[in-house]
Amino acid sequence: MVSSLAKTKTKANVPKSAASSSATSASSPLAQIAKLESSLIEGPYDPNPLLPLLSLARNDSPQIVHKAVWALHRVFIKLIGDGRVGGLNGDLTIRNSRDVQNNVETGVGEVEGDEEREVRSWVRERLLEYMDILGGLVRDSEPALRSSSVPLLFSLLPPLSTSASTSTPLIHTPYFRLLLHYLYNPSSSLRGAKPKNNGAGWKVVAANQVEDQQGVLPSDVAKIVVDDFWAKYDDIRWAFFKESANLLQATPGSVAEPTNLLSQLLPLTNLPKLAEDINAFYVPSFSVPPSGNKKPKKAAGLKKGKGKTRYTGEVDALPDWMAEYESSGSEDESDDDAAATASGKKGSKKRPRQRTSQMSVHASVYSVMSHTTWYTTLWENVLSSLKIDDLWIRKILIGLHGDQGILGHFKPERRLRIADWLGSLVDGGGALAMLAMNGLFVLITQYNFEYPHFYDRLYGLLDRNVMHVKYRARFFRLLDMFLSSSLISSALIASFIKRLSRLALTAPPSGVILIIPFIYNLFKRHPGCMVMLQRPSSSIYTPPVLALSSSTAPTTINGSSSPEAEADPYDPEEKSVLKTRALESSCWELAALQKHYLAPIATLAKIFGEVFTKPEFNMEDFLDHGYGTLFETEANRRIKNPPALSLALDMQDKSQPQDSLDLFPSTNSTTAGAGAGVEGAEEEKIGAQVDVVNALWVF
């Protein structure tokens with residue numbers, strides 16, 4: 001247990017009687033909280049009431065805890081403003097006696113007496129104890145305490161940042177890192193906790209903990225952090241990017257659960273792109289923009305003298321027309337250059353370039369390039385150092401593109417660095433591989449990335465499993481986009497047509513009805529592949545019509561049997577999409593689909609035997625088809641003529657008309673029609689004679 005300060009250690013000694021102590025203990029906890037807060041704020045300075053107030057903040061009652069943490073918030077705000085808290089330096093996540101002593105010796109009060117420094121250090125430890133309580137409440141089972149703990153954690157940042165006696169605004173980095181520690185590695189709630197016997201740690205109450213997995217930040221807390229702080233204020237969002245990137249780079253294992261970081265980073269899509277977008281600040285001192293840089297020197301030029309013209313510029317200076325071609329997207333250039341370029345003012349002089357790492361905190365917060373640089377660095381460290389599960393990888397791949405996507409806020413010259421991560425996902429196969437192919441496709445088409453084996457990898461993803469997965473619709477949407485260019489060679493498109501045709505033979509009906517219009521669109525875009533449908537009869541390979549008509553006899557060429565006529569030149573095992581010899585083959589699989597057992601598929605497949613005058617199909621009309629839609633279509637289809645039975649039914653009673661026969665007689669009706677005194681053996685005989693189901697199950 002933490003002991004109170006001795007009276008000789010405080011500025012003012014307040015006499016305490018036993019009667020007042022017993023009255024305080026006899027009163028209700030809520031009254032105690034109000035009295036303790038009043039003594040800390042209004043009375044003579046005595047920090048000892050912090051101990052019972054902190055003890056009440058660990059009470060088992062949510063109402064008492066809520067009242068106590070807000071009272072402590074008001075007390076510490078006043079103590080920080082009055083300079084009563086020792087210096088918060090170093091790594092605040094690791095606290096022991098040596099760290100405390102070091103922080104005391106290097107604190108702000110070095111010139112003060114040892115007694116006052118000890119008091120300030122003691123108050124500092126009570127502040128960190130209060131932070132531990134708030135850090136545990138983010139995982140409390142009470143939603144009101146979880147939602148209150150987040151603003152309380154952030155509320156101490158502005159007074160701590162402004163308490164530093166500096167000429168330029170700063171963000172209190174040690175406290176901000178401690179705040180990130182509670183968000184990345186949340187501890188158990190201390191509500192109702194009791195100290196352990198050995199004095200180290202607390203015995204937490206399991207009933208007061210949130211039901212989520214241990215060490216995971218609850219989703220409602222992450223939403224409050226993102227919506228009310230990271231997405232709202234530019235200064236602390238910049239600090240979030242910078243400190244998180246440095247944390248992952250220095251200690252990759254510091255974030256035990258990647259979900260805690262990704263749930264706060266991925267929703268941030270409102271990053272500033274212009275200097276005017278940086279206008280909201282959580283620390284009030286940042287509301288004043290930094291002073292401008294010194295004016296650049298006069299541009300070198302010609303100076304006219306008496307009777308002659310002298311050149312006063314540097315010998316190695318570039319001419320004006322050549323200076324326009326200097327790279328404006330280098331990593332060392334600040335956003336001041338971009339703003340000068342965007343203004344469109346001819347003749348305006350650019351400010352001297354400055355590295356973002358050399359800028360002050362004040363200037364960095366106002367720099368769009370600094371925001372972009374740290375955002376890019378953070379994502380690079382996340383993708384390279386964290387073990388991300390498939391669910392979050394899928395969310396990242398979906399949010400990768402677009403103006404407000406992840407790549408949209410990357411530094412332009414560093415966007416291609418994500419290609420290695422995408423390539424590793426393609427090697428893994430599955431749904432993530434197709435989404436990663438979409439990322440590579442964007443890098444190829446928009447950022448001039450070279451990936452020579454793109455279509456080979458895409459061709460390898462087309463296997464029989466893709467027709468049975470739930471992401472089939474998204475797969476074919478992306479596949480349609482990848483094959484939409486009319487500049488792709490016919491040999492490459494023929495390989496995809498042949499592979500899809502083979503898949504259609506074993507695919508479910510909902511997949512076949514998707515493949516047929518997809519292949520039709522490929523034929524429309526690439527007429528050079530029409531030879532696969534209209535192969536001449538003189539070819540070695542038999543056309544589809546002959547292949548179907550000779551299902552019982554060997555295929556013949558010129559009236560003679562030949563084993564070469566039965567061999568399909570297409571090589572399904574070939575991995576290179578240009579070496580499959582698909583263009584030498586024919587789509588006999590499509591001819592086989594014309595005999596499909598499902599009438600809509602057989603009817604749709606007959607379109608390949610007609611003239612290609614119809615426009616391309618809209619694939620959105622077929623992507624969402626499943627067994628449910630197919631069954632509904634068949635059930636609601638209007639039947640023109642009723643189906644005829646294949647055999648006549650034998651009736652027991654010839655006197656009854658044919659239409660009055662009970663096709664599915666029950667046991668009671670059967671025995672009733674046979675008479676009242678029929679034995680069991682005779683009932684079985686009559687039942688066997690009218691077994692209509694077995695009679696109909698004859699083909």
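When you check Asp91 against the structure, is it modelled with pLDDT of 90 or more, surrounded by fewer than 17 Cβ atoms within 10 Å (Cβ to Cβ), assigned by the TED database to the domain that holds Val255 and in a loop (DSSP other than H, G, I, E, B), yes or no? If you could, list the steps in order and put the result at the bottom.
Values: modelled with pLDDT of 90 or more: no; surrounded by fewer than 17 Cβ atoms within 10 Å (Cβ to Cβ): yes; assigned by the TED database to the domain that holds Val255: yes; in a loop (DSSP other than H, G, I, E, B): yes.
In short, no.
Applying the selection to segment 616-627, what residues are in a loop (DSSP other than H, G, I, E, B), in contact (Cβ under 8 Å) with a residue 40 or more places away in the chain and open to solvent by 60 Å² or more (accessible area, probe 1.4 Å)?
Glu616, Asp624 - these are the residues of segment 616-627 that are in a loop (DSSP other than H, G, I, E, B), in contact (Cβ under 8 Å) with a residue 40 or more places away in the chain and open to solvent by 60 Å² or more (accessible area, probe 1.4 Å).
Could you list all residues from segment 139-170 that are assigned to a loop (DSSP other than H, G, I, E, B), open to solvent by less than 20 Å² (accessible area, probe 1.4 Å) and within 18 Å of Asp91 (Cα to Cα)?
Leu156
Residues of segment 589-606 being in contact (Cβ under 8 Å) with a residue 40 or more places away in the chain and either out of contact with any helix residue (DSSP H, G or I) (no Cβ under 6 Å at 6 or more places or on another chain) or among the small types (Gly, Ala, Ser) (or both), which ones?
Result: Ala591, Ala592, Lys595, Pro600, Ala605.
Given the condition at pLDDT below 90 and among the basic types (Lys, Arg), answer yes or no: does some residue in segment 67-84 qualify?
Looking for residues that are at pLDDT below 90 and among the basic types (Lys, Arg), one finds at least one in segment 67-84, hence yes.
Please work out which one of (1) open to solvent by 20 Å² or more (accessible area, probe 1.4 Å); (2) under 19 Å from Leu604 (Cβ atoms); (3) touching a helix residue (DSSP H, G or I) at 6+ places or on another chain (Cβ under 9 Å) is the condition Leu503 fails and give its number.
The number of the failed condition is (1).
Return yes when Leu180 is modelled with pLDDT of 90 or more and either assigned to a helix (DSSP H, G or I) or within 28 Å of Ser360 (Cα to Cα) (or both) and no when it is not.
Yes: the conditions hold for Leu180.
Go through Phe482, Phe523 for me and flag whichever is over 24 Å from the mean Cα position of the chain (by Cα), under 24 Å from Arg581 (Cα atoms) and open to solvent by less than 10 Å² (accessible area, probe 1.4 Å). Full working, then the answer.
Details: Phe482 fails: over 24 Å from the mean Cα position of the chain (by Cα).
Selected residue: Phe523, the only one of Phe482, Phe523 that is over 24 Å from the mean Cα position of the chain (by Cα), under 24 Å from Arg581 (Cα atoms) and open to solvent by less than 10 Å² (accessible area, probe 1.4 Å).
List the residue pairs whose Cβ atoms are under 8 Å apart, where the first residue sits in segment 389-403 and is among the small types (Gly, Ala, Ser), the second is not in a helix (DSSP H, G or I), and the two are 6 or more positions apart or on different chains.
Once the first residue is among the small types (Gly, Ala, Ser) and sits in segment 389-403, its partners that are not in a helix (DSSP H, G or I) give Gly399/Leu266; Gly399/Thr269; Gly399/Gly405; Gly399/Ile406.
Would segment 491-499 turn up any residue that is outside any helix (DSSP H, G or I) and either open to solvent by 10 Å² or more (accessible area, probe 1.4 Å) or more than 26 Å from Ala599 (Cβ to Cβ) (or both)?
no
The values are calculated or read from the model by the stated rules, or taken from the named source; none is laboratory data. Because the structure is predicted, anything quoted here is derived from the model rather than measured. Every residue, glycine among them, receives a Cβ derived from its backbone with ideal geometry; neighbour counts consider all protein chains shown. The accessibility values were calculated without ligands, DNA or RNA, using every heavy atom of the protein model including side chains. Shrake-Rupley method; radii C 1.70, N 1.55, O 1.52, S 1.80 Å.
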